[in-house]
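Peer 1: Below: one structure in structure tokens.
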Amino acid sequence: MISTKDAISLEEKYGAHNYHPLPVVLSRGEGVYVWDPEGNRYFDFLSAYSAVNQGHCHPHIIGSLEKQARTLTLTSRAFYNNVLGEFEQKLSSMFGFDRVLPMNTGAEGVETAIKICRKWAYEKKGIHENEAKIIVCTNNFHGRTTTIISFSNDADASKNFGPYTPGFIKVEYNNIEQLDLALQDESVAGFLVEPIQGEAGVMVPDSDYLRKAKELCKKHNALFIADEIQTGIARTGSLLAVCGNCSCEKACERQPESYVKPDLLILGKALSGGVYPVSAVLADNDVMNVIKPGQHGSTYGGNPLGARVAIAALEVVEDEKLAQNARKLGKIFREEMEKLIAETNLITLVRGKGLLNAIEINDTPESDTAWNICMKLKENGLLAKPTHGNIIRFAPPLVMTEEQLMECVAIIRKTVLEFEGA
């Protein structure tokens, strides 16, 4: 097997330098663990940005992949296949929507939602063609296509990639007054928002923000578009982050009053358990039916292999009650981090929901303190990554046990206290 040193050298020599990874090479994964080529084991506390909610190489998902791969992998959408309809029915039923438009990656899902929203605006709301606007939030992260970076305020993602796509209005995240003002523009077609801003540092809005945002969208006849690519599929202790406080396996079947149902829902990442690229946009008939044959698609979108994998991934979420586990362990994790904050000046706060959490390091965003702490965490057997300079995001697979979580808490505590004392 290739060594850690050689694997890094090959990437550095032949790969585009569009990422700055932690210097660890992963060659195997199982559940909450990953191993490097030399056999060192680590707890994965990033979960491929929440794509691996079901744990690495979950046997049910891998078994479904292997069986389908020996049968039929790709037909394109020129023909029907015998798995896609089953996947669409499963997804529609689980999340409470009439229709599904399947794609592959998260960014494709966002682009798809933008296209549907604009077409709905022209054909249903009556906005003049080419004049539709979509409201987005500052510090958003929805992907890195040329359209999406046009409404990013991350200079690394956007600088020198222009000209930029017009048609977007930015408002401050969690500022309902700014949203209300922006929605008064009659050319606004929709509001695209992350229920929790993950890449921005796990920013959790006020408890009534999403509900008020949806009410304002309804008042002004604009679509409420929820990007749940990272927060969805049980990560935050609910099936969706917009489900509020309900941890059941279907979108708020027990507490429907707490469910802020989007007009367009974007899913990806854990939709396939990190095994195969699958994303989807869900909507009811009055919105989705604006898309006609030939107006949007993908050769791989809705392929039978991806569809079968996604069905299995959703079954794992239901059967193993991952939303409930994320809710329970997330509460324990934040309580333990609060105890650690009382012991050290190195951490200023912890925030999050379910098993999507972050700690803020007591240093400037320009410092390398958070990066150096992550390097020490790696040495102690836990992998995490900074975001926005002085924030460390913690998002382990949702199959983690309480015993494993407490072992990880001990690693974090030991690392932080040793780092502070160094």
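No lab work stands behind these numbers, since they all come straight from the coordinates. Remember, predicted model here, so these are calculated numbers, not experimental data. Every residue, glycine among them, receives a Cβ derived from its backbone with ideal geometry; neighbour counts consider all protein chains shown.
Peer 1: Mind checking which aspartates and glutamates have their C-alpha under 14 Å from Lys212, skipping anything on the same chain fewer than 8 residues away?
Peer 2: Glu177, Asp180, Glu257
Peer 1: Filter the chymotrypsin sites (Phe, Trp or Tyr not before Pro) in segment 1-91 to those in DSSP coil with at most 13 other Cβ atoms within 10 Å of their Cβ, and list the result.
Peer 2: Working: sites: Tyr14, Tyr19, Tyr33, Trp35, Tyr42, Phe43, Phe45, Tyr49, Phe79, Tyr80, Phe87; in loops: Tyr19, Phe45, Phe79, Tyr80.
In loop regions of segment 1-91 (DSSP not H, G, I, E or B), the sparsely surrounded chymotrypsin sites (Phe, Trp or Tyr not before Pro) are Tyr19, Phe79, Tyr80.
Peer 1: For the chain, with the dipole built from +1 on Lys and Arg beta-carbon atoms and -1 on Asp and Glu ones, taken about the Cα centre, which of Val316, Met288, Ile61 lies farthest toward the positive end?
Peer 2: Met288
Peer 1: Give me the Debye-computed log₁₀ of I(q)/I(0) at q = 0.11 Å⁻¹ for segment 341-422, equal point scatterers on Cα only, no solvent, two decimals.
Peer 2: After summing over all Cα pairs, the log10 values are -0.26.
Peer 1: Net charge near Arg308: determine it from the other residues with C-beta under 15 Å of the C-beta of Arg308, scoring Lys and Arg +1 and Asp and Glu -1. Mind showing how you got there, number by number?
Peer 2: Details: positive: Lys67, Arg70, Lys90; negative: Glu66, Glu86, Glu88, Glu315.
Here the count lands on -1.
Peer 1: If you don't mind, another one. Select from segment 321-405 those GluC sites (Glu not before Pro) which occupy a DSSP coil region and have at most 16 other Cβ atoms within 10 Å, ordered by residue number. Can you show the working numbers first?
Peer 2: Working: sites: Glu335, Glu336, Glu338, Glu343, Glu360, Glu366, Glu379, Glu402, Glu403; in loops: Glu366.
Sparse-neighbourhood loop GluC sites (Glu not before Pro): Glu366.
Peer 1: Are there GluC sites (Glu not before Pro) in segment 125-228 that DSSP marks as loop and that have at most 10 other Cβ atoms within 10 Å, and which are they? If you can, show how the numbers build up before the last one.
Peer 2: Numbers: sites: Glu129, Glu131, Glu172, Glu177, Glu186, Glu199, Glu215, Glu228; in loops: Glu129, Glu131, Glu172, Glu186, Glu199, Glu228.
For GluC sites (Glu not before Pro) across segment 125-228 that sit outside H, G, I, E and B with at most 10 neighbouring Cβ atoms in 10 Å, the list reads Glu129.
Peer 1: Enumerate the lysines that Lys328 could reach by cross-link, defined here as Cα to Cα under 16 Å, with residues fewer than 8 away along the same chain left out.
Peer 2: Those lysines meeting the cut-off are Lys353.
Peer 1: Using the Cα centre of segment 29-117 as the reference point, and only Cβ charges (+1 on K/R, -1 on D/E), how large is the resulting charge dipole? Debye, rounded to the nearest 20. Please report the intermediate quantities before stating the final value.
Peer 2: On the way: 7 positive and 10 negative charges, 69 e Å.
My answer is approximately 340 debye.
Peer 1: Can you check how the C-alpha radius of gyration of the chain compares to 2.2 N^0.38 Å, as a plain ratio? Let's see the in-between values first.
Peer 2: Details: Rg = 21.3 Å, N = 422, 2.2 N^0.38 = 21.9 Å.
Taking N as the residue count of the chain, the ratio is 0.97.
Peer 1: Moving on. Cα convex hull of segment 182-248: how many Å³ per residue?
Peer 2: Details: hull volume 6.3 nm³, N = 67.
Each residue corresponds to 94 Å³ of Cα convex hull volume.
Peer 1: While we're on this one: Which value, in debye to the nearest 20, describes the size of the charge dipole of the chain about its Cα centre when Lys and Arg Cβ atoms bear +1, Asp and Glu Cβ atoms bear -1, and nothing else is charged? All intermediate terms of the calculation are to be shown ahead of the outcome.
Peer 2: Working: 44 positive and 54 negative charges, 171 e Å.
My answer is approximately 820 debye.
Peer 1: Here is a further query. Counting helices only, and only those DSSP H runs with n ≥ 4, report the 222 nm mean residue ellipticity of the chain as the sum of -39,500 (n - 2.57) divided by its residues, in deg cm²/dmol to the nearest 500.
Peer 2: On the way: 14 runs with 153 residues, N = 422.
Calculated at 222 nm, the ellipticity per residue is -11000 deg cm²/dmol.
Peer 1: Something else: Residue farthest toward the positive end of the dipole of the chain, with Cβ of Lys/Arg at +1 and Asp/Glu at -1: which of Ala189, Gln178, Tyr19?
Peer 2: Going by the Cα projections, it comes out as Ala189.
Peer 1: Pairs Lys269/Lys378; Lys218/Lys261; Lys90/Lys115; Lys218/Lys292; Lys90/Lys292: which are spaced more than 19 Å apart, C-alpha to C-alpha? Before the final figure, lay out the partial values.
Peer 2: Values: Lys269/Lys378 24 Å; Lys218/Lys261 11 Å; Lys90/Lys115 24 Å; Lys218/Lys292 25 Å; Lys90/Lys292 22 Å.
Result: Lys269/Lys378; Lys90/Lys115; Lys218/Lys292; Lys90/Lys292 exceed 19 Å.
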